[in-house]
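Some notes on the structure that comes next.
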């Protein structure tokens with residue numbers, strides 16, 4: 001038994017060799033990891049050393065007129081000729097031939113009220129005219145007969161065949177006939193006047209456009225009672241509201257302190273919120289000679305030089321009051337950037353565009369100087385970001401960090 005126990009105490013050299021190899025392999029792996037980490041740190045700190053902190057600006061679009069604008073103001077498009085078209089008589093609306101947006105001409109019938117009674121009055125007046133004319137013709141015939149009879153009696157008296165009494169009767173009949181003709185003609189004139197009154201009353205039931213215009217709103221529908229007084233329950237005072245689209249102007253409020261900046265006839269540029277960046281030439285038409293004491297402003301009216309069918313009343317608008325008129329070549333927008341973004345590299349004008357935290361050196365073609373900005377004709381587009389005051393060592397592809405303002 002003791003001998004067997006001692007044999008078990010022998011060292012297994014094979015197992016020790018395996019363990020030694022595993023330890024060396026782990027140490028080698030750890031060394032490799034440490035080297036990779038060191039290399040990564042060196043690269044990271046080297047990358048940070050190469051990153052430039054820069055300011056950036058955005059390439060934008062402006063109109064040349066913005067560089068010689070003296071004052072900006074906001075307001076609304078207002079029709080200077082506008083009317084709520086109504087009737088002069090009370091009646092039920094039975095016909096409406098227009099709707100919102102309809103173009104109407106002056107004198108055109110746009111609606112009709114119930115008018116059967118007015119038509120009957122007109123027809124009766126016409127019949128009365130015919131009766132009156134017939135009475136005039138009858139009276140004139142009586143007068144002609146009385147005149148012939150009077151002349152015959154006068155001849156017979158001269159020949160001694162008629163008495164003075166016969167002459168008196170003939171003269172009385174003649175005077176009566178003359179009066180009858182005068183009365184008949186007066187009645188005819190009265191009937192004429194009555195016919196005109198009936199025709200006017202009938203015409204009042206037709207609602208006409210007072211001037212060339214466009215229908216803005218429809219205020220009444222068929223079946224509504226229309227009255228010029230408008231006090232009755234559910235009665236409508238107006239049928240439609242119309243506006244002369246050729247009279248559109250922009251009304252803006254100008255502060256009293258800036259009133260010296262604007263003058264009648266001054267060139268302006270109008271921009272409508274509904275029509276994007278499109279701008280319309282205009283001129284200052286009128287400075288209304290009264291002030292609003294609550295706002296310390298004066299109302300100014302600006303006329304469109306050219307009208308667009310898309311311009312509608314009550315659209316919001318911005319007006320730029322200019323120091324001079326816009327030249328034809330200045331009507332289109334320009335792409336601009338601050339001059340601090342432009343540098344010269346190898347004899348070329350370039351900017352450094354920001355792209356994915358790196359810069360891209362981009363050659364550009366410069367145009368005019370517009371105020372404190374410079375026009376870029378090609379190379380970059382509006383909305384792109386470029387580096388301001390690029391460092392001399394900055395190169396294409398270099399990483400950057402945008403400085404926070």
Has the stretch 261-276 got at least one residue that is at pLDDT below 95, in a loop (DSSP other than H, G, I, E, B) and within 25 Å of residue 217 (Cβ to Cβ)? no
So which residues in the stretch 58-89 are under 27 Å from residue 387 (Cα atoms) and surrounded by 17 or more Cβ atoms within 10 Å (Cβ to Cβ)? 59, 63, 64, 65, 66, 67
Against the condition assigned to a loop (DSSP other than H, G, I, E, B), free of Cβ contacts under 8 Å to residues at least 40 places away in the same chain and over 26 Å from residue 76 (Cα atoms), how does residue 367 come out, does it pass? no
Which listed residue, of 101, 91, is within 60 Å of the chain's Cα centre (by Cα), modelled with pLDDT of 90 or more and under 30 Å from residue 196 (Cβ atoms): 91
Out of 180, 220, 201, 243, sole residue that is closer than 30 Å to residue 153 by Cα, in contact (Cβ under 8 Å) with a residue 40 or more places away in the chain and either surrounded by 18 or more Cβ atoms within 10 Å (Cβ to Cβ) or not assigned by TED's automatic domain parsing to the domain that holds residue 127 (or both): 180
Residue in the stretch 120-137 that is touching a residue at least 12 places away in the same chain (Cβ under 8 Å), in the same structural domain as residue 180 (by TED's automatic domain parsing) and within 13 Å of residue 205 (Cβ to Cβ) present: yes
Just to be sure, is residue 311 surrounded by 15 or more Cβ atoms within 10 Å (Cβ to Cβ) and under 19 Å from residue 245 (Cβ atoms)? yes
Exactly one condition in (1) assigned to a helix (DSSP H, G or I); (2) touching a residue at least 40 places away in the same chain (Cβ under 8 Å) is false for residue 174; which is it? (2)
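Yes/no per residue for (1) closer than 28 Å to residue 210 by Cβ; (2) out of contact with any strand residue (DSSP E or B) (no Cβ under 9 Å at 6 or more places or on another chain); (3) in the same structural domain as residue 75 (by TED's automatic domain parsing):
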residue	(1), (2), (3)
256	no, no, yes
265	no, no, yes
275	no, yes, yes
292	no, no, yes
303	yes, no, yes
Which of the residues that make up the stretch 274-308 are under 12 Å from residue 255 (Cα atoms), surrounded by fewer than 17 Cβ atoms within 10 Å (Cβ to Cβ) and in contact (Cβ under 8 Å) with a residue 60 or more places away in the chain? none
Within the stretch 360-372, can you find the residues that are modelled with pLDDT under 90 and surrounded by 16 or more Cβ atoms within 10 Å (Cβ to Cβ)? 370
Yes/no for residue 127 being surrounded by 13 or more Cβ atoms within 10 Å (Cβ to Cβ) and either more than 30 Å from residue 242 (Cβ to Cβ) or under 60 Å from the mean Cα position of the chain (by Cα) (or both): no
Considering residues of the stretch 319-353 that are within 32 Å of the chain's Cα centre (by Cα) and assigned to a loop (DSSP other than H, G, I, E, B) only, the residue surrounded by the most Cβ atoms within 10 Å (Cβ to Cβ): 326
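The values are calculated or read from the model by the stated rules, or taken from the named source; none is laboratory data. Fair warning: this is a prediction, and the values are worked out from it, not measured in the lab. Note that each Cβ is placed from the backbone with ideal geometry, even for glycine, and that neighbours are counted across all protein chains shown.
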